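S.K.: This is the structure I want to talk about, given as structure tokens.
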Amino acid sequence: MNTKKIFFSILLMLGSSFSLAAGWNNAGKLEGVYVDLRDGNQRILFSHESKTNPGNQCTSGSDYYELQNVSDSDLTNQAYALLLSLNATGKRVRVYLDGCGDTGWPLARIVDSINVGQ
């Protein structure tokens, strides 16, 4: 899959409310992509060089960011493929974080590799 031909930004607006601590983390490389398949916890987690916990509000800390499971499986598959590709290529990305996921990790709403320098 050619990363230049896939969506470079994934906008995951999964709710209409945004916290006051929302914002972009520092650009950096992904350190790993993980899938949590425990009952009731199916979600994609990823680790990023920039460990950010917006407003220190997320109880699990900042070791991982969470992509909330969306009802559209095609979008979830595209998001997972993009994260795997960005991780494999070492491309620098920045992440827009807003709120906390169900398991307490910061919730990633946007993953952006556009105009992020190597």
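S.K.: I need Asp112, Asp63, Asp72 ordered by Cβ neighbour count within 10 Å, fewest first.
M.R.: With the fewest neighbours first, Asp112, Asp63, Asp72 line up as Asp72, Asp63, Asp112.
S.K.: From Cα pairs below 8 angstrom and at least 6 apart in sequence, can you work out the relative contact order of segment 21-112, rounded to a whole percent?
M.R.: For segment 21-112, the relative contact order is 37 percent.
S.K.: Apply the a/c threshold of 1.5 to the C-alpha gyration tensor of segment 21-112 and tell me whether it is rounded, prolate or oblate.
M.R.: It is oblate, given that a/c is not under 1.5 and a/b is not larger than b/c.
Each value in this text was obtained by applying a stated rule to the coordinates, not by laboratory testing. Here the structure is a predicted model, which means the values were calculated and not measured. Note that each Cβ is placed from the backbone with ideal geometry, even for glycine, and that neighbours are counted across all protein chains shown.
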